[in-house]
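Have a look at the structure below, then the notes.
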Amino acid sequence: MNANATMQIVRSVAELQNILNPRQREGRTVGFVPTMGFLHEGHLALAGQARREHDVVVMSIFVNPAQFGPGEDYEAYPRDEQRDAELAAAAGVDYLFIPSVEEMYPHDSSIRILPGTQAEQLCGASRPGHFDGVLKVLLKLFNIVDPDESYFGMKDAQQLAIIETFVRDFNLRTAINRVETVREEDGMAKSSRNVRLTEQERKEASAINRALASGKKSYYEGVPLSEIEKIVSSAIENHTSGTIDYVKALAYPSLDEDFSDADEVIIAAAVKFSSTRLIDNIIMSTIKDERK
Ligand code: AMP
């Protein structure tokens, strides 16, 4: 690890922009890791990659109210700023940007950013307006930080696909890097929300990854994709007390239902437990020679 004893916590947009001002950068590159905090090894993998690839590493922690719907877990979202600061410094972050809601949204802005068809599936269908809020905060963060590259996890594969389209279609300067999902020993995807599982649910939750992996295996053995969703769904239903929100196979990253031209397919799952909802996914190649 590249512990950074001099990591600076920055709370104001003006201060961060001043620090990252192009004149002060003097040609140094900036890698950016946006998060909602309550950091775990998934976030730290993103920061580690940014550290290896850039002169300056900026991480943001902002639980963005614009991406939570009514009745979702905005208030209950886990937060621990002090622990986050220690972990971010240990991962080599230079500037930890922790703005307040008022700092990020000082005006009652009525402008909306509407993602396209990629947001109609999966979490976009279950959480109306969620990706509008994600794009809104990211456009602001990209403008504030002006990173050369930004790092996102494949755990949120739909979010990543939408962000890639957003950046391409609007000529945003940042490049987007995909980072593999970091998992617990039993295969469960690391997530800030995992702490909200009961002990029993935590044990069951590893079945989601196992179900996705068995779906991938069946697909590679020749089972048609139309059957794979059923195989994965019943494996989750049989091994967890959670309720399936969706289990769906789509072309990736287009998220089209028609995968005839796709090189890759995603099977994505969302499962609701008593007080939290978990997502996970697995990517499969449609090209036999590229399968692993
Ligand atoms: P969040 O704080 O949950 O909004 O996540 C911030 C970033 O970390 C997003 O790009 C996520 O996709 C990424 N991330 C979250 N969990 C993981 C994980 N288990 N492995 C890799 N990246 C992750």
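The values are calculated or read from the model by the stated rules, or taken from the named source; none is laboratory data. The shown structure was predicted, so the numbers you read here are calculated from the model rather than taken from an experiment. In this analysis, Cβ positions are derived from the backbone assuming ideal geometry, glycine residues included, and neighbour counts consider all displayed protein chains. Only protein heavy atoms, including side chains, enter the accessible area calculation; ligands, DNA and RNA are left aside. Shrake-Rupley method; radii C 1.70, N 1.55, O 1.52, S 1.80 Å.
In this simple spin-label approximation, Asp258 and Ala125 carry label points 7 Å from Cα along the Cα→Cβ vector, and these lie 1.8 nm apart. Charged side chains reduced to their Cβ positions (Lys and Arg at +1, Asp and Glu at -1) give the chain a dipole of some 260 debye around its Cα centre.
At full extension, Asp289 and Ser274 could sit 1.2 nm farther apart than now, given 0.36 nm per residue minus the alpha carbon distance.
Relative contact order of the chain, taken over Cα pairs closer than 8 Å and 6 or more residues apart, is 17 percent. The 3J(HN,Hα) values that the Karplus relation (6.51, -1.76, 1.60; θ = phi - 60°) gives for the range 230-236 are, in residue order, 5, 4, 5, 4, 5, 5, 5 Hz. Gly and Pro appear as x. Which of the listed residues, Ala211, Ile98, Val167, is farthest toward the dipole's positive end in the range 78-211, when Lys, Arg count +1 and Asp, Glu count -1 at the beta-carbon? Farthest along the dipole direction, towards plus: Ala211. In this Cβ point-charge picture (+1 for Lys and Arg, -1 for Asp and Glu), the range 164-292 has a dipole of about 480 debye about its Cα centre. Report the local net charge at Lys272: Lys and Arg +1, Asp and Glu -1, summed over other residues whose C-beta lies under 14 Å from its C-beta. After counting each charged neighbour, the total is -3.
Among Glu86, Glu75, the sequence by solvent-accessible area, most first, with a 1.4 Å probe is Glu75, Glu86. Working note: Debye formula, equal point scatterers on the alpha-carbon atoms of the range 8-179, no solvent; log10 I(q)/I(0) at q = 0.14 Å⁻¹ is -0.73. Using θ = phi - 60° in the Karplus curve 6.51 cos²θ - 1.76 cosθ + 1.60, the 3J(HN,Hα) couplings for the range 156-165 round to 9, 5, 5, 4, 4, 4, 5, 5, 4, 5 Hz; x is entered for Gly and Pro. Shown for the chain: lysine pairs separated by 8 or more places, or found on different chains, whose C-alpha atoms are under 18 Å apart, numbering 18. With a simple spin-label model that places each label point 7 Å from the Cα along the Cα-to-Cβ direction, the separation between Ala175 and Glu15 comes to 3.2 nm. Can you work out the PRE-style zone for Glu164? Point 7 Å along Cα to Cβ, and I want the residues of the range 236-252 with backbone N under 19 Å. Only 248-252 pass the distance filter.
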